[in-house]
Structure formats: structure tokens, C-alpha cells
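J.: Next up is a structure, given as C-alpha cells.
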Amino acid sequence: MLRYVVRRLLLIVPILLGLSILVFFWVRALPGSPISSLLGERATPQLVQQYRERYGFDEPVYKQYFKQLKSWARADFGTSIATHRQISDEIKQRFPATMELAIAALIFAGGIGVPLGFFAAKKHGGLFDHASLFLSLIGISIPVFFLAIILKYIFAVRLGWLPTVGRISVLIETDHPTNFYVLDAIITRDWNALWDVLKHLILPAVALGSIPLAIITRITRAAVLDVQNEDYVRTARAKGLPPLTVDRRHILRNALLPISTIIGLQAGLLLSGAVLTETVFAYPGIGSWLRDAIFNRDYPVIQGGILFIALVFVLVNLIVDISYAIINPRIRYS
Amino acid sequence: MRRIALKFGLIAVAGGILLATLGLGGASTARPTLVYGGSADPTYLDPALVSDGESFRVTAAIMEGLVYLKPGTTKVKPRLAIRWKTSGKGKIWTFWLRRGVKFHDGTPFNASAVCFNFNRWYNWKGPFQDASATFYYQAIYYGFKHNEVAGLGAPLYRSCSARGPYKVSIRLRRPSGTFFPSLVVSSFAMQSPKALKQYGADEGELRNGTFVVTGSYAFSHPTGTGPFKFKSWTVGQKVELVRNGDYWGNKAKIDRLIIRPIGTSTGRLQALQNGEVNAYDLAAPQDAATIRSNSKLKVITRPPFNVAYVTIHQGGNSPMNDIKVRQAVAYGLNKQAVVSQFYFGVGKVAKEFIPPSLPGWSDKVETYPYNPTKARQLLNSSSCHVPCKVDFWYPTGISRPYMPDPARNFQAFSASLEASGFQVTAHSAPWRPTYVAKVNEGSAGDLNLIGWSGDYGDPDNFVGTFFKSPNPQFNFQNPAIFNVLTRAANEANYAKRVKLYRQANILIMKYLPAVPYAHSLSLLGAEKRVHNLIAEPTGGTFFQYVTVG
């Protein structure tokens, strides 16, 4: 197991290297540059040339890449051209926000999707099954940003039940020792802040979790349908075990393997979905930060942000793979 | 089936209870606090090191300059200086300072504090001489004591001497018309010498070409004399200021001022509708009707501080070398129709290149109302007879404050020019990266659409930028215009300077190096219970007199 983990960790290096090449050249292939974004109408040819020299954009691209690679090797993500802030500082500040949102979305998707899929399979062919299929189809079809706008309009703007923007009300004064606001509120026992943070999480988490919810529902349904006709399930039933025990010990546990795979994959995809959700809800995470960077053609931020997300994605998948062995003792890595 | 229905019923009831409990929403606001929506975080809170409006919005509430613009206008008024005089042929400026003023850290504001600030700027070295660090200092004062960066000019500033605790003289190396009016810019606000030294305000470096502040002053210790004191800044969430109870003048009417960044105008509008902000800036013109339709909300307008214009490029064999053709262009552009149809009610037809709020604006300039018959007559008596062929460029993929819909502006202008005897060939390019570069280097046809948003409240920032010297964008030679604008920029006497700019505007609109066509107001949305929120023409917001409720 340890050898497997080490091998997977070592594999991260070529993955990130390949991605760094892709990202580096991709951002430079985008029309525009940070300079045109910075200067706007003031972009005289002389000024543009001055700025190109200052940021080293006048050098051959391969030289720029190797220079950048050296910085990344030193774990130096660089500095934002637009905001002048250190990218590592921004990540420290913003990643907990995105993580918190992704976890909330995953709890929403898994917490509803697994039971929904389970009951749909149990009532296979019935009204509940058809309804869950219909809802999951809608969930997959609606673009995240559109759902986010609709949810925000109904529950925040029209009904006024939930906040429209941010992570916490600006009028609440509380400490943030970890920058995970839910955790912070629990640590500091500030229940007012906890309630407020949760309210700010509901709409973005529902919007972000809608597609994973639909996928998890369908995968759970399919997995449960597969498992519940297995011989060992029939044997368990024939032995006279109570239905709840059969469901919990034999069906759900065996169905969990594909579900955990899909949850792991969705965890990574949630990070990319956060770009849209965070923009709609002005949620100060990695997603809205990357969106601003793309608009400003802020090369260091786009590169650093995407590499960081890729690293998280790879690590999440590694954790999911390891979790297989825990969920299903028949799996052994060597 | 019944059990399923029961389960759904229970879920619905539970959901209803949950949502009803959430009914307090985001609208709970203790008073007196003003929560204001901006579009982004500040860059730094040391105004000498920034040039963006979001930073100035905060620093202008914390720090004050020797003079300021009377709220809502562009008239220069006393602030930390109570009077001033020039001598030495405009090279010496003496200021008498307000007594009894203290910085927020309790240290006194006096002549030595003024000299400390001026000398701080003048003595900057290394990375602080980068344009991304000290944009406004370089725009006004040109150079430093020891220039270390290629392209910096000879410094304007010479020295500062305290002539008593409350009298200070600033010596310049040459007379300047921009020195005094630029003192209203937040970059030249007075900051506490003690706090600047204590919190490493002058610690910074260039990282991969980007200037980065490394001391803590600009993040967590900005210290001025203003009506609000800095409390905290959480990046991405809010900047919080509190009322300065020891303020020397009229104290603020609110206890807390919270400025929160919300990146999209829709997001800011919805936050206002939901009571999460009391007011916000940079409302989209198309949202004005939505705001007005809500009985609890109102729209506040900011006087225009920009101009949209049609460049006329001369030179070579261009038909535009002929004044009659340029006049025909001016008469052939249906400015009123464009402003009425494509500016969502926030545009005004421009008569000249500077907005009416700026000194030097003249009502005696030549005007060119749409008149296709006159345009045709002019063309037929010119070197380019009807149909006169012109290449006309416009940008794609962009909406600017002064030009919300360039493609439609172009279509309307193109049609009116065709009706006026021109044969228009349309060209377009994406704003980024090609269009602006083409316009600035003079390769965007005979005519093109472009504009300008002002940086600070001085006419030189508009007409001086375009027409003070030969400029490849327009490619014309008119010594009379160059001369009067150069004299105006160097004229220290305010009244004479204003007169020179009026003269320049008359000359420009007679010679027609370009045709201005629109000034656009910018909008703020606010709750009706927010009073005395003043939108500064230069882009800021004056919070001192705000009341809520």
C-alpha cells in the first residue's frame, strides 16, 4: 500500500509538468495580454513595449517558460500583475472558501443523491423511480451558472430568505483562525456566525451540487440495482435477515464502491464548477479569483491557480483510490 | 404509495420550516452603519502607491490632502491647508496649514509632516520608481531625486521647508499648472510620518516586473487625518472603517463604513435589493429602471468624467487633411441619435473634449449639429467630392463607460455619414489586443471610435493628453493648439490657466482633429434612506456627510 501511494505521489511530478506546459502556452494563445488589460486606452506602442520588457514578455516563449518553471520548482507561484498580491497568499486566503463550498456541495449531493438513488432502485419502475430519473436528468441538463442565477433570484432577491453575495455578513465580527468559516465558528463557539455562514453556503452549495447530485443519484440507483440481485443478497434474505440489515450490510456497502469513485471524480470537478458559482454569488474563493484573472489575462494567477487546482484534483483522486481499500477489503494495492 | 406521499409531505414541511427560519435573510443591518458595494478590493491602502479607483475610494475617507474638491464638483477648496500663495514666478507655493489637526495615531499634523510626505515621494528609489508603484507621482512630478529608471523626466519638485509649525513652502524646479490641482488626488494625501516609518511603508520590491509592497502599512495601518479611521481589511470580503471621533471638522454621521467588493454589477444590484448593501457604485445603465421601480431604492448620478469621440486621422493623401472634409464629418455624425438610442438615458451629447464639470470648459466652441445637407455642400466644395470614401474602424468585444455599445454607435454613424455624402468602408478589430494599439499608432483608418475616462480633475488630463504635442493617433500639426496647451500646462496662475484651456477648446473644435460626441454619466444605486451620499465627478464617493435612516 505504501509503495502504491509513493508511486502515485511521484506520478504527480510528470502530470504537473505536462500540465504546466499546456497551461503556459494556452494562456499565451488567448487573445490579448495583461498589458492591454492594464493599459486600456493608454496602450501607446512605446508604453506597450516598455511593459513587455518589464514583465519579460519580449523574450522567446521557451525562455519565459523555463524561467517560470524555475519559480514553480521553488514553490514560488509569483505575483498577480493586476492586484500585486502574492499568489500563494491569495491561495491561502481563498482555498479554504472554495474547499468549504465544495464540501458543502458534496454533502448536499451525496446526502440527497445516495438515499434518492437507493430508494429509486428499491422502487424500481415505480413513480418514485421515474421521478428521480426525471429530476436527475434536469439536474444534469441545467448549466450551473443558470441554476445559480435562478436560485439567487427566487430565494434571495424575490423572497429575501437567503443572502445573495459573500461568505458571511459583513456586519458580523468574528475571528477566523483557520479561514474555514464553519470550522472557525465552531472553534470560537460563535453560533450566530455559524448560522450566518451556513446561510451563505446554502444557495451556492445547492447550485454547485446540482450536477453531482444528479450523477450520484443515477450511479447509486444503477449500483443498487446491480447488487440487489446478487446471490449473496438473495442468500442473506433467505437466511431471514431483517430487510434493513440486508440493505445496510450487503447492498449499500457493496454499492458504495462505484459511488465513492464518482464522488471522488465529482470532488475534483466541483473545483472547476466553482468558477461559475463563485462568480454569481461573489463568493471569495479560488473560482471567482480565477475568473477575474482570466478577464485581466493575469498570466501568473491563471497558471498558478490552475496548477494548484490540478494538484488538489490529483490528491483527491489518490485519497479516493486509497479509500477503496478501506471500503472494500477485497481490493489490495501492491 | 401513501408512505411515499407522506415522506414527500414531511420533506416539504421540513423544507418550509427551514426556509421560514432563514427568513431573516441577509438583510439585518445595525445602524448607523453604511455598507457600500464596490467592484473590487483595493490594491493597497497607501494612496501614494496606487492609481485605481477602488483603492482611492477607501483612502479618500481615511486621508486628506492640502486641498480637495468641493464634494460633487471639480472646484478646488481648502482642506488641510487653509490658504496658499505662489511666488518666485510660480515656482514657490506657500501653504498655511490648519491648526489642531491630528493624525489617527495621535501625532500632530504640521509643516514637518507635510515636508515628510513630499520628501518621501521625491526620495523614492529602486522598485518605488516603477510606474506600477508611483503612477500619479510620475504623471505630475516626472522624476525623483535620483532617477534610476530609464525614461523618467527631470523632477518638478525641488524642496520643502517648514516656515513655522503651520506654514510650509514647496519649491518647484519650474512653474507648473498641474502641481496645484493635482494636490486633490488621493495619492498626494497627507499620511502620518510616524505610522509610515513604524509599519514599513517604504518597503517593497519588484517581483517578475510587478511592484509588491512588503511592509504592513499599506495593508493594516493606513493613517491619515480624515473623518474615518481604518479598522480592518479582509481581502475579498470587506474593508471596515470607523468614525473618527477626534476629527477636526464636521464629524461623520455614521459609526461604521464598510466597503465590500462585489465583482459584477448584477451582483451589486441584487445585494442592494436584498438589503446586504445600503448603496453601491458602478450601476449598469440598463439597471437604472429596475432600481427606480423599487419604492425603497433610488439612483444617484455622477457627473460625466469621460468623453467618446471619433478620431480623424490626417496625413499622407488622406481626405481628412482638408478642413472642409473634417467639418463634413462633424456635421454628418448624428450624435444626438446615438446618445438618445444607445446610452440608456445616461449619455449627454459632447460639445467639446472636456466634460462640463472641468474648469476650462467653454460654451463658445463651434458646434456641429447633424446636418447632412450642409455636410454634402462642404464635401462638394472640398477636395473629396460626394461620394467621399472613408475607412471607418470600430472595436468589437468591448463595452466602455463612455461607449456602451460600439457596434451600434458605428452602425448609426455609418448610416448618417452615408446620408451626408460619404461612402463608408467598415472595419473592426477586437478591443484586445489589436484595436487600441491600431488607434494609438494611427493605423485605424480615416475615422475610428474611441474615448477616454479621466484620471484626475484637470483639463490637461483630457485635452493635454490628446493634443498637447504631435500624436500619431490624429497625426496633425497645429502649432497654435500645441502652444496654447503647453502654456496652459505650465501656467501656475489658476485664472489664467482656465482662460488658456477655454481658448484651447475653441481652437480644437474649430480645427477638428477629432469629433467628440458623448459624455456618459455613471450611476450609483442606493436605499432611499441613505442621504447625502455624494458621487464625485472624478469617480470617488464622499462619505463624510452620509446619514442612514
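J.: Find the residue count for the stretch B:219-238, including only residues that are within 30 Å of B:Val149 (Cβ to Cβ) and facing chain A (nearest Cβ under 10 Å).
T.: Qualifying residue count, the stretch B:219-238: 2.
J.: Separate question: Criterion first (away from chain B (no Cβ under 14 Å), crowded, with 21+ Cβ neighbours inside 10 Å and either among the small types (Gly, Ala, Ser) or in contact with a helix residue (DSSP H, G or I) (Cβ under 7 Å, 6 or more places away or on another chain) (or both)) does A:Leu257 satisfy it?
T.: The answer is no for A:Leu257.
J.: From the list B:Gly16, B:Gly65, B:Gly37, exactly one residue is within 14 Å of chain A (Cβ to nearest Cβ) and either modelled with pLDDT of 90 or more or touching a helix residue (DSSP H, G or I) at 6+ places or on another chain (Cβ under 8 Å) (or both). Which is it?
T.: B:Gly37
J.: In addition: Quick check on the stretch A:113-130: of everything there that is of a type outside the set (Phe, Trp, Tyr) and crowded, with 18+ Cβ neighbours inside 10 Å, which residue is nearest to A:Asp226 (Cα to Cα)?
T.: A:Ala121
J.: Let me ask another. So which pairs qualify, if the first residue must be in the stretch A:75-104 and closer than 17 Å to A:Asp292 by Cβ and touching a residue at least 40 places away in the same chain (Cβ under 8 Å), the second must be in a helix (DSSP H, G or I) and polar (S, T, N, Q), the Cβ gap must be under 7 Å, and the two must be at least 6 apart or on different chains?
T.: A:Phe77/A:Ser88; A:Gly78/A:Ser71; A:Ala82/A:Asn296
J.: Test each condition in (1) under 19 Å from the mean Cα position of the chain (by Cα); (2) hydrophobic (A, V, I, L, M, F, W, C); (3) outside any helix (DSSP H, G or I) for A:Ala205 and report the one that comes out false.
T.: Against the list (1) under 19 Å from the mean Cα position of the chain (by Cα); (2) hydrophobic (A, V, I, L, M, F, W, C); (3) outside any helix (DSSP H, G or I), A:Ala205 comes up short only on (3).
J.: Moving on to the next point. So, in the stretch A:295-311, exactly how many residues are touching a residue at least 60 places away in the same chain (Cβ under 8 Å) and more than 12 Å from chain B (Cβ to nearest Cβ)?
T.: Residues that pass the stated criteria total 7.
J.: Give the stretch A:33-89 a look and list any residue that's touching a Lys or Arg at 6+ places or on another chain (Cβ under 6 Å) and at the interface with chain B (Cβ under 9 Å from one of its Cβ atoms), or say none.
T.: Selection gives A:Ser33, A:Ser36, A:Ser37, A:Thr79.
J.: Do any residues in the stretch A:241-263 that are outside any helix (DSSP H, G or I) have Cβ atoms under 9 Å from those of residues that are of a type outside the set (A, V, I, L, M) and surrounded by 17 or more Cβ atoms within 10 Å (Cβ to Cβ), where the two are at least six apart or on different chains, and which pairs are they?
T.: A:Leu241/A:His250
J.: Taking the stated definitions as given, is B:Ser182 within 27 Å of the chain's Cα centre (by Cα), more than 14 Å from chain A (Cβ to nearest Cβ) and among the hydroxyl-bearing types (Ser, Thr, Tyr)?
T.: In short, yes.
J.: Across the stretch B:469-502, what is the total count of residues that are under 27 Å from B:Val76 (Cα atoms), touching a residue at least 60 places away in the same chain (Cβ under 8 Å) and over 24 Å from the mean Cα position of the chain (by Cα)?
T.: Looking only at that region, the number is 1.
J.: A follow-up question, please. For the stretch B:390-425, enumerate the residues that are in a loop (DSSP other than H, G, I, E, B), modelled with pLDDT under 95 and of a type in the set (S, T, N, Q).
T.: Of everything in the stretch B:390-425, just one residue is in a loop (DSSP other than H, G, I, E, B), modelled with pLDDT under 95 and of a type in the set (S, T, N, Q), namely B:Ser399.
J.: Still on this structure: With a cut-off of at least 2 residues that are in contact (Cβ under 8 Å) with a residue 40 or more places away in the chain and farther than 23 Å from B:Ser132 by Cβ, name the helices (runs of 4 or more DSSP H) lying wholly within the stretch B:178-280.
T.: In the stretch B:178-280, the matching helices (runs of 4 or more DSSP H) lie at B:179-182, B:193-198, B:265-273.
J.: Follow-up question, since we're still on this one. In the stretch B:283-307, which residue that is more than 14 Å from chain A (Cβ to nearest Cβ) and part of a strand (DSSP E or B) is surrounded by the fewest Cβ atoms within 10 Å (Cβ to Cβ)?
T.: B:Thr301
J.: For the stretch B:363-385, give me the residue count where each residue is touching a Phe, Trp or Tyr at 6+ places or on another chain (Cβ under 8 Å) and either of a type in the set (Gly, Ala, Ser) or part of a loop (DSSP other than H, G, I, E, B) (or both).
T.: Total meeting the criteria: 5.
J.: Which number in (1) closer than 25 Å to A:Ile326 by Cβ; (2) within 14 Å of another protein chain (Cβ to nearest Cβ) marks the one condition that A:Leu241 misses?
T.: Exception for A:Leu241: condition (2).
J.: Considering only the stretch A:97-108, I want to know if a residue exists there that is under 30 Å from A:Ser132 (Cβ atoms) and within 12 Å of another protein chain (Cβ to nearest Cβ).
T.: yes
J.: Among the residues of the stretch B:218-235, which ones are surrounded by 22 or more Cβ atoms within 10 Å (Cβ to Cβ), in contact with an Asp or Glu (Cβ under 6 Å, 6 or more places away or on another chain) and not small (Gly, Ala, Ser)?
T.: Within the stretch B:218-235, B:Thr223, B:Thr225 meet the criteria.
J.: Is there a residue in the stretch A:269-285 that is assigned to a helix (DSSP H, G or I), under 30 Å from A:Val170 (Cβ atoms), hydroxyl-bearing (Ser, Thr, Tyr) and away from chain B (no Cβ under 14 Å)?
T.: yes
J.: Taking the condition of being outside any helix (DSSP H, G or I) and either in contact (Cβ under 8 Å) with a residue 24 or more places away in the chain or more than 12 Å from chain B (Cβ to nearest Cβ) (or both), how many residues in the stretch A:124-182 meet it?
T.: 17
J.: In addition: Of the residues B:Val67, B:Val58, only one is under 23 Å from B:Ala492 (Cβ atoms), of a type in the set (Val, Ile, Thr) and within 28 Å of the chain's Cα centre (by Cα); which?
T.: B:Val67
J.: Right, something else. Go through the stretch B:144-171 and give me each residue that's closer than 24 Å to B:Thr107 by Cβ, touching a strand residue (DSSP E or B) at 6+ places or on another chain (Cβ under 7 Å) and not in a strand (DSSP E or B).
T.: Within the stretch B:144-171, B:Arg163, B:Tyr166 meet the criteria.
J.: Under 6 Å between Cβ atoms, at least 6 apart or on separate chains: pull out the pairs that start in the stretch B:160-171 with a residue that is free of Cβ contacts under 8 Å to residues at least 60 places away in the same chain and end on any residue that is of a type in the set (Lys, Arg).
T.: Within 6 Å, no pair qualifies.
J.: Scan the stretch A:73-100 residue by residue and report those that are in a helix (DSSP H, G or I), buried (at least 18 other Cβ atoms within 10 Å of the Cβ) and not β-branched (Val, Ile, Thr).
T.: Selection gives A:Glu90, A:Gln93, A:Arg94, A:Phe95, A:Pro96, A:Ala97, A:Met99, A:Glu100.
The values are calculated or read from the model by the stated rules, or taken from the named source; none is laboratory data. Nothing here was measured: the structure is a model prediction, and the numbers come from that model. Cβ atoms come from the backbone with ideal geometry, glycine included; neighbour counts cover every protein chain shown.
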